[in-house]
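Engineer: I am attaching a structure below and will ask some questions about it afterwards.
The values are calculated or read from the model by the stated rules, or taken from the named source; none is laboratory data. As the structure is a computational prediction, the values presented were derived from the model and not from experiment. Quick reminder, even Gly has a Cβ in these numbers, built from the backbone with ideal geometry, and neighbours come from all protein chains shown. Keep in mind that these areas ignore ligands, DNA and RNA; they rest on the heavy atoms of the full protein, side chains included. Shrake-Rupley method; radii C 1.70, N 1.55, O 1.52, S 1.80 Å.
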Amino acid sequence: MNYDSALDAALNRLHEEGRYRTFIDIERRRGNFPHAIWKKPDGTEQQITVWCGNDYLGMGQHPVVLNAMHEALEATGAGSGGTRNISGTTVYHKALEAELADLHGKEAALIFTSAYIANDATLSTLPLLFPGLIIYSDALNHASMIEGIRRNGGAKRIFRHNDLADLRAKLEADDPSAPKLIAFESVYSMDGDFGPIAEILELAEEFGALTYLDEVHAVGMYGPRGGGVAEKLGLMDRIDIINGTLGKAYGVMGGYIAASAKMCDAIRSYAPGFIFTTSIPPAVAAGAAASVRHLKTDQALRDLHQERAAVLKLRLKGLGLPIIDHGSHIVPVIVGDPVHTKKISDMLLSEFGIYVQPINFPTVPRGTERLRFTPSPVHDPRSVDALVRAMDALWSHCALNRAEMSA
């Protein structure tokens with residue numbers, strides 16, 4: 001086999017379909033987020049505004065987080081020195097897990113290097129703990145959940161997105177005595193819609209199923225202490241396992257699950273993705289713990305975040321743009337074609353200094369390609385004005401070009 005030719009063919013397919021991803025080099029500068037510096041390939045620099053980041057609340061720049069990380073770095077050095085089982089558990093890791101358990105009202109929490117690994121490792125391990133387990137997974141669950149469920153070798157059922165009737169039918173069709181788990185999300189990141197948490201919990205209780213809720217796009221931002229949508233709805237105590245991230249609203253990195261002490265102990269003891277991975281650096285754990293602790297009391301920041309998202313959606317709707325609005329903080333604008341999505345993204349960057357990456361298949365279905373804006377409290381009114389003006393100018397321009405191409 002000519003391996004180089006095979007690689008060329010695979011990459012060319014992406015180019016031909018308009019789905020080839022281009023990364024740009026940016027430099028975030030402390031105290032200036034969401035503005036950053038774009039390091040261009042020709043060696044020049046341009047100031048840009050980041051509109052597609054997941055640092056939803058700007059906590060990656062918050063003094064509380066930075067000070068905690070500086071103190072831990074000076075006290076302990078750079079790395080953790082090993083896996084959690086072999087010298088990689090420090091007082092910082094334990095303090096972070098205690099903060100997370102308290103956040104979700106659970107007995108325990110377990111941190112991983114990312115929320116992807118937390119989902120993958122946990123969902124792939126559960127069938128070892130519950131032989132014969134059947135996992136019922138929402139069709140639009142995150143790739144990490146899909147991968148964990150796929151790899152576990154157990155039975156799985158995919159129910160239509162947020163379709164309670166389909167979920168019920170699949171639960172009814174299986175052996176009543178079989179162990180079951182329903183895996184779903186609170187906020188689905190591509191459309192920004194919410195999972196029907198209360199209704200799914202009712203079904204789980206009726207059929208004796210465990211529940212696994214991914215709150216990665218909600219922790220820090222929803223609920224009176226940032227515990228997520230389940231906290232906002234007063235439902236956390238009825239959920240068996242909650243998955244969250246430290247790399248979005250909390251502004252650092254890492255992921256976790258929160259559950260009973262016995263469940264966390266079992267995952268800790270059996271999941272290869274936990275056992276054989278070097279733990280996150282103590283300074284990262286310290287920063288994450290400080291961020292979680294701070295956001296338990298900073299409701300003003302959450303309120304401002306929701307306000308900025310609502311204003312942006314209202315103004316884009318006023319332009320007649322096809323945005324999806326389910327009431328969350330995520331603002332998707334549907335373009336519907338990968339080539340035009342990339343073109344608008346490139347023009348926003350080069351002509352207006354606005355950075356938003358195109359979202360294409362397989363992340364979203366073909367024909368629903370989009371730009372996904374993620375407003376934050378640190379996107380001030382001037383930044384919003386600049387984005388709205390740019391979208392107004394470019395949308396008309398690209399719509400005209402599309403009409404000419406199809407003529």
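Engineer: What does the extension gain come out to for N85 and R238, with contour length at 0.36 nm per residue minus their alpha carbon separation?
Structural biologist: Taking 0.36 nm per residue and subtracting the Cα distance, the gain is 52.0 nm.
Engineer: If you don't mind, another one. Just to compare against my own numbers: the Cα pair-distance distribution for the range 71-125, 5 Å bins, whole % per bin, please.
Structural biologist: Result returned by the calculation: 4, 16, 21, 25, 21, 9, 3, 1.
Engineer: How large, in percent, is the carbon and sulfur part of the accessible surface of the range 12-135 at a probe radius of 1.4 Å?
Structural biologist: Details: 3270 of 6120 Å².
Answer for the range 12-135 is 53 percent, counting heavy atoms of protein chains only.
Engineer: How far apart, in nanometres, would the label points at T363 and K39 be if each is projected 7 angstrom from Cα along the Cα-to-Cβ direction?
Structural biologist: 2.2 nm
Engineer: Please report, as a whole percent, how much of the solvent-accessible surface of the range 286-382 comes from carbon and sulfur atoms (probe radius 1.4 Å).
Structural biologist: Summing carbon and sulfur atoms, their accessible area is 58 percent of the total for the range 286-382.
Engineer: Report the dimensions of the chain along its three principal axes from the alpha-carbon atoms, largest first, rounded to Å.
Structural biologist: 61, 55, 54
Engineer: May I ask you to evaluate 6.51 cos²θ - 1.76 cosθ + 1.60, the Karplus curve with θ = phi - 60°, for each residue of the range 114-123 and list the ³J(HN,Hα) values in order in whole Hz, giving x for glycine and proline?
Structural biologist: 7, 5, 4, 5, 4, 5, 4, 5, 5, 5
Engineer: Roughly what % of Cα-Cα distances in the range 36-78 sit above 17 Å, to the whole percent?
Structural biologist: Details: 510 of 903 pairs.
Considering the range 36-78, 56 percent of its Cα-Cα pairs are separated by more than 17 Å.
Engineer: Roll a 1.4 Å probe over the protein chains and send me the accessible area per residue for the range 257-407 in Å².
Structural biologist: Numbers: 6360 Å² over 151 residues.
Using a 1.4 Å probe on heavy atoms only, each residue of the range 257-407 averages 42 Å².
Engineer: Just need log10 I(q)/I(0) for the range 276-390 at q = 0.10, 0.17, 0.21 Å⁻¹, Debye formula, equal scatterers on the alpha-carbon atoms, no solvent, rounded to two decimals.
Structural biologist: Log10 I(q)/I(0), no solvent term: -0.41, -0.92, -1.11.
Engineer: Nearest 5 percent is fine: what portion of the DSSP beta bridges confined to the chain is antiparallel?
Structural biologist: Around 55 percent of the beta bridges assigned by DSSP in the chain are antiparallel ones.
Engineer: Search the structure for amide H atoms under 5 Å from the amide H of H217, placed 1.01 Å from N in the peptide plane, and list their residues when 5 or more places away or on another chain.
Structural biologist: Those qualifying (amide H under 5 Å, at least 5 residues apart or on another chain) are V187.
Engineer: Compute the long axis of helix 3-17 from its Cα atoms, compare it with the longest principal axis of the Cα atoms of the chain, and write down the angle in degrees, 0 to 90, nearest 10.
Structural biologist: Once rounded, the angle reads 70 degrees.
Engineer: Based on C-alpha coordinates, I'd like the Rg and Dmax of the range 12-125, in Å.
Structural biologist: 19.2, 53
Engineer: If amide H atoms are built 1.01 Å from N in the plane of the peptide, which residues on other chains or at least 5 residues away come under 5 Å of the amide H of F159?
Structural biologist: Close amide H contacts, sequence-distant or interchain: S137, D138, A139.
Engineer: Quick check: at a probe of 1.4 Å, how many percent of the accessible area of the range 168-271 sits on carbon and sulfur atoms?
Structural biologist: Carbon with sulfur: 52 percent of the solvent-accessible area.
Engineer: Something else now. Write down the Kirkwood hydrodynamic radius of the range 170-215, to one decimal in angstroms, obtained as one divided by the mean of 1/r over all alpha carbon pairs.
Structural biologist: Taking the inverse mean of 1/r over all distinct Cα pairs, the range 170-215 comes out at 11.4 Å.
Engineer: Per the helix-only calculation at 222 nm, which mean residue ellipticity applies to the chain, given -39500 (n - 2.57) for every DSSP H run of n ≥ 4 and division by its residues, nearest 500 deg cm²/dmol?
Structural biologist: Per the formula, -14000 deg cm²/dmol.
Engineer: Stokes-Einstein D for the range 177-283 at 37 °C, 0.692 mPa s, Kirkwood Rh over Cα pairs, in µm²/s?
Structural biologist: My calculation gives 221 µm²/s for D.
Engineer: If you don't mind, there's one more thing I want to ask. Please list, by residue number, everything in the range 193-237 whose backbone N is under 16 Å from a paramagnetic label point 7 Å out along Cα→Cβ of Y270.
Structural biologist: 210-212
Engineer: Here's something else I'd like to know. Under a point spin-label approximation (7 Å from Cα along Cα-to-Cβ), what is the E16-R382 distance to one decimal in nm?
Structural biologist: Each label point lies 7 Å from its Cα, and together they span 4.8 nm.
Engineer: Related question: Determine the gain in length on full extension of the stretch A300-E199; use 0.36 nm per residue of separation and subtract their C-alpha separation, reporting nm with one decimal.
Structural biologist: On the way: separation 101, 0.36 × 101 = 36.36 nm, distance 2.99 nm.
Contour length minus Cα-Cα distance gives 33.4 nm.
Engineer: How many nm is it between the label spots at Y3 and A155, if each spot is 7 Å from the Cα in line with the beta carbon?
Structural biologist: Each label point is offset 7 Å from its Cα along the Cβ direction, giving 4.2 nm.
Engineer: Cα centroid distance between the range 290-315 and the range 30-97, in Å?
Structural biologist: Using only Cα atoms, the two centres lie 20 Å from each other.
Engineer: Of K94/K262; K106/K170; K39/K313; K40/K343; K317/K342; K106/K296, which sit over 19 Å apart, Cα to Cα?
Structural biologist: From K94/K262; K106/K170; K39/K313; K40/K343; K317/K342; K106/K296, over 19 Å: K106/K170; K39/K313; K317/K342.
Engineer: Enter the accessible area per residue of the range 188-241 (Å², integer; probe 1.4 Å; all protein chains in place).
Structural biologist: I get 31 Å² per residue for this part.
Engineer: Determine the distance separating the Cα centre of the range 346-396 from the Cα centre of the range 237-274; give it in Å without decimals.
Structural biologist: Centre-to-centre distance over Cα atoms comes out at 32 Å.
Engineer: Express the accessible area of the range 56-164 per residue in Å², computed with a 1.4 Å probe while the remaining protein chains stay in the model.
Structural biologist: So the range 56-164 comes to 43 Å² accessible per residue, rounded to a whole number.
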